[in-house]
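The values are calculated or read from the model by the stated rules, or taken from the named source; none is laboratory data. Owing to the predicted nature of the structure, the values given are computational and were not obtained by experimental measurement. Cβ placement follows ideal geometry from the backbone for every residue including glycine, while neighbour counts extend to all protein chains displayed.
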Amino acid sequence: MRSALAVLTLVLTSTTALAASPDDILAANRAATGAVNGKAAVVMQFSFAGNGLSGTAGGTSDLSDGRFEQDFDIGPQKGANGFDGTHVWNKDNAGIVTLQEAADTIPLAINNAYRNANLWWRPDHGGAAITLDPQKTDGGSTYDVLTVVPKGGKPFDAWFDARSHLLVRLYEAQANVMTITTLANYKPFDGVQEPVDTTVSTGDAKYDQHLTLTKVTFLPKSDAAVYAPPPSAAADFAIGGGAHSVTLPFDLISNHIYAHVLINGKGPYVFVFDTGGVNILTPELAKELGLKTEGHMEGRGAGEATMDFGFTHVDKIELGAAAIDNQSFAVFPLDSLYVSDGQHMPGMVGYETFRRFITRIDYGNRTVTLIDPKYFDPKESGAPVHIAFNGNSVIVEGSYAGIPGKFQIDTGSRSSLTLDAPFVAANHLDAAKGVDAVEGWGVGGPSRSHVVRGDALKVGDAISVAHPVVGMATDKKGSFADPTISGNIGGGVLKRYVVTFDYANNTMYVKPTTGPVTDLDTYDRAGSWFNIEGDDFKVIDVTKGGPADQAGLKPGDLIAAIDGTPAKDLHLYAVRLRLRDDAPGTVVDFRLKDGRDLKVTLRDQI
């Protein structure tokens, strides 16, 4: 269960004194917590409240090495996850189990196991590197602080109350989000002090999650089978008429895949298909379908802002003759992206659908084929690539400019390749000649990058692109600020191929499309980003020194017509396509709402 908690307002001061040593602090903590001698495992049960939801959670932990299993039943969400010492796994509502191997999933599991077993009490600290930090004061209390890096894990800070010596606070980065866990109201259970109240925060009290300990049972033996990935099974999907597969046509708009979907027998609705996303309905469509929405979670994506989302239950989703029953859908204001694409998005088909079928996306023929896994033959599917999962995201190993990296495969991205800001900084890539601009628009608003004509992108023997358009992200928050991922491979690269996803076997197959690929390796020749606003296009960003800037276009300007055609009669995607692909030297007339006429002469910027 991924926890997200409330922000704490901290007034911290460092004192000049240091506690005697990490060993002193940990010895005091062990004495205060109580002995676990003769106890092999512990089962804990909690009540849960947060994000507008309530329910139960719990699980078992091994007290010698920290292996764990956790289950939860919260609102419309039910599932489990665990770590057997090697494999991290999760189980969805229907019982489908997926191994989690990418990004920081394994290091975070190692951290959890380390704390579960209190490995820091051992003479060698369980192989961890532990650093003593200056004491901190907050609200009149003093805390001894240790920075801990378990072997194979990642750094976290542990705060111990200097009087009680109990662990009361943890600071741990999950991807690029700092998670703060507060532990309070300790009580003895079979001689061991355990915190009754746990609160987890990611920076906004609105999203606090609270766990209240209701029962603790210590076990004399630990069963390895409890922590191992359980069998994966789901009988909630099928292809009608005895067919082995179903093929759907799609439209490619801004490199996004749009196809028809039925929800509870109603529609069809045009949904976007996104390997990096989850199954989504907009609040408007959920209301139209009479579906109840529960909860308010914090949604993150491209751009630096966040948005609320909830959950609802869908009886049936149909994609041609393929159907999936009894699904949990996120309810999210996805259609807010209409202003940046000019294409309505009432919903999304994501991981949950791709996980059940073999999914083949043929960009050349504009088709998506869903194949019953029992009848899939990979012989003609192309070069295989191992894929790993970070939640619902598909991650592959590859390289950029010869630098090894881990890249998300994202059919929901319009771009070719976006490198995450920490990867760019760590490898000093931002010195490449290019332009600084808004390169995309996501759920968090504008996403800014230093855009260049890039070096070689390679993914095994499957994907090789010599000089893609590359956005070197400059966002400080959002998905492109994630230090655990190197970058995002989007539709601008993927449309060169037929891509087949076999999620169950952690494999993606790639083979080149036949025939020419349109709108390839080009970048905006106008130097501006604008969105739809009413009947006009509103200028959001103008590249300094670019053609639009030189013509006098400014952020905030409203474009009423382009080359004499009213903006309301133009498709935003078609305008962007033209500004990328029309020849350098082409003059485009922008009529602004204030009556000015600006002539923008297109030219290559990178």
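Results, tabulated for the structure shown:
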{"read-out": "Some residue of segment 63-74 being among the charged types (D, E, K, R) and under 23 Å from A504 (Cβ atoms)", "value": "yes"}
{"read-out": "Residue match in segment 505-516 (condition: of a type in the set (D, E, K, R), more than 30 Å from G445 (Cα to Cα) and either touching a residue at least 40 places away in the same chain (Cβ under 8 Å) or assigned to a loop (DSSP other than H, G, I, E, B) (or both))", "value": "yes"}
{"read-out": "Residue check, D236 surrounded by fewer than 16 Cβ atoms within 10 Å (Cβ to Cβ) and acidic (D, E)", "value": "no"}
{"read-out": "Qualifying residue in segment 184-197 (condition: outside any loop (DSSP other than H, G, I, E, B), charged (D, E, K, R) and touching a Ser or Thr at 6+ places or on another chain (Cβ under 7 Å))", "value": "yes"}
{"read-out": "Options D461, D436: the member that is surrounded by fewer than 20 Cβ atoms within 10 Å (Cβ to Cβ), within 22 Å of H386 (Cα to Cα) and of a type outside the set (G, A, S)", "value": "D461"}
{"read-out": "Members of segment 150-178 found to be over 15 Å from D23 (Cα atoms) and either of a type in the set (A, V, I, L, M, F, W, C) or at pLDDT below 95 (or both), listed by number", "value": "F156, V168, L170, A173, Q174, A175, N176, V177, M178"}
{"read-out": "Scan of segment 214-270 for residues that are more than 20 Å from K316 (Cβ to Cβ), touching a helix residue (DSSP H, G or I) at 6+ places or on another chain (Cβ under 6 Å) and assigned to a strand (DSSP E or B), ordered by number", "value": "I253"}
{"read-out": "Residue among G515, G491 that is in contact with a His (Cβ under 8 Å, 6 or more places away or on another chain) and either under 20 Å from A466 (Cα atoms) or surrounded by fewer than 21 Cβ atoms within 10 Å (Cβ to Cβ) (or both)", "value": "G491"}
{"read-out": "Residue match in segment 199-209 (condition: in contact (Cβ under 8 Å) with a residue 40 or more places away in the chain, surrounded by 15 or more Cβ atoms within 10 Å (Cβ to Cβ) and either in the same structural domain as E298 (by TED's automatic domain parsing) or over 24 Å from V331 (Cβ atoms) (or both))", "value": "yes"}
{"read-out": "Options V196, V192: the member that is β-branched (V, I, T), at pLDDT 95 or above and out of contact with any helix residue (DSSP H, G or I) (no Cβ under 8 Å at 6 or more places or on another chain)", "value": "V196"}
{"read-out": "Which listed residue is surrounded by fewer than 20 Cβ atoms within 10 Å (Cβ to Cβ), in the same structural domain as D71 (by TED's automatic domain parsing) and farther than 27 Å from A129 by Cα, from P155, P188", "value": "P188"}
{"read-out": "Among the residues listed as A574, A583, A560, A567, the single one being buried (at least 16 other Cβ atoms within 10 Å of the Cβ) and either within 35 Å of the chain's Cα centre (by Cα) or more than 13 Å from N531 (Cα to Cα) (or both)", "value": "A567"}
{"read-out": "Among residues of segment 64-79, those that are surrounded by fewer than 19 Cβ atoms within 10 Å (Cβ to Cβ) and at pLDDT 95 or above, counted", "value": "5"}
{"read-out": "Residues satisfying the stated conditions in segment 44-67, i.e. under 17 Å from A224 (Cα atoms) and either assigned to a loop (DSSP other than H, G, I, E, B) or in contact with a helix residue (DSSP H, G or I) (Cβ under 6 Å, 6 or more places away or on another chain) (or both)", "value": "T60, S61, L63, S64, D65, G66, R67"}
{"read-out": "Lone qualifier among R163, R169 - being in contact (Cβ under 8 Å) with a residue 24 or more places away in the chain and over 30 Å from V331 (Cα atoms)", "value": "R169"}
{"read-out": "Candidate set from segment 192-232 (those that are among the charged types (D, E, K, R) and within 32 Å of the chain's Cα centre (by Cα)); member that is nearest to D84 (Cα to Cα)", "value": "D197"}
{"read-out": "Out of E397, E380, sole residue that is of a type outside the set (F, W, Y) and over 23 Å from the mean Cα position of the chain (by Cα)", "value": "E380"}
{"read-out": "Test: V498 is part of a strand (DSSP E or B), β-branched (V, I, T) and surrounded by 22 or more Cβ atoms within 10 Å (Cβ to Cβ)", "value": "yes"}
{"read-out": "Test set (1) over 28 Å from V499 (Cβ atoms); (2) at pLDDT 95 or above - P268 fails condition number", "value": "(1)"}
{"read-out": "Of residues in segment 473-487 being under 13 Å from S447 (Cα atoms) and not in a loop (DSSP other than H, G, I, E, B), the one modelled with the highest pLDDT", "value": "A473"}
{"read-out": "Which listed residue, of A113, A40, A117, is surrounded by fewer than 19 Cβ atoms within 10 Å (Cβ to Cβ), touching a residue at least 40 places away in the same chain (Cβ under 8 Å) and not assigned by TED's automatic domain parsing to the domain that holds A504", "value": "A40"}
{"read-out": "Qualifying position, being within 23 Å of P283 (Cα to Cα) and either of a type in the set (K, R) or outside the structural domain of A94 (by TED's automatic domain parsing) (or both), among A321, A330", "value": "A330"}
{"read-out": "Residue list for segment 239-258, restricted to those being without any contact (Cβ under 8 Å) to a residue 12 or more places away in the chain and surrounded by 15 or more Cβ atoms within 10 Å (Cβ to Cβ)", "value": "none"}
{"read-out": "So M297, is it surrounded by 16 or more Cβ atoms within 10 Å (Cβ to Cβ) and farther than 27 Å from T518 by Cβ", "value": "yes"}
{"read-out": "Selection from segment 10-60 of residues that are closer than 19 Å to D197 by Cα, hydrophobic (A, V, I, L, M, F, W, C) and modelled with pLDDT of 95 or more", "value": "A32, V42, V43, M44, F46, F48, A49, A57"}
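Each row is one residue, and each column tells you yes or no for (1) touching a residue at least 60 places away in the same chain (Cβ under 8 Å); (2) farther than 22 Å from Q408 by Cα; (3) crowded, with 21+ Cβ neighbours inside 10 Å.
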residue: L262; (1), (2), (3): no, yes, no
residue: K266; (1), (2), (3): no, yes, no
residue: V272; (1), (2), (3): yes, no, yes
residue: N279; (1), (2), (3): yes, no, yes
residue: E284; (1), (2), (3): yes, yes, no
residue: T293; (1), (2), (3): no, yes, no
residue: N326; (1), (2), (3): yes, yes, no
residue: L334; (1), (2), (3): yes, no, yes
residue: V349; (1), (2), (3): yes, no, yes
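Yes/no matrix, rows are residues, columns are (1) out of contact with any strand residue (DSSP E or B) (no Cβ under 8 Å at 6 or more places or on another chain); (2) farther than 30 Å from K154 by Cα:
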residue	(1), (2)
G440	no, yes
H467	no, yes
A473	no, no
T484	no, no
T507	no, no
G515	yes, yes
W529	no, yes
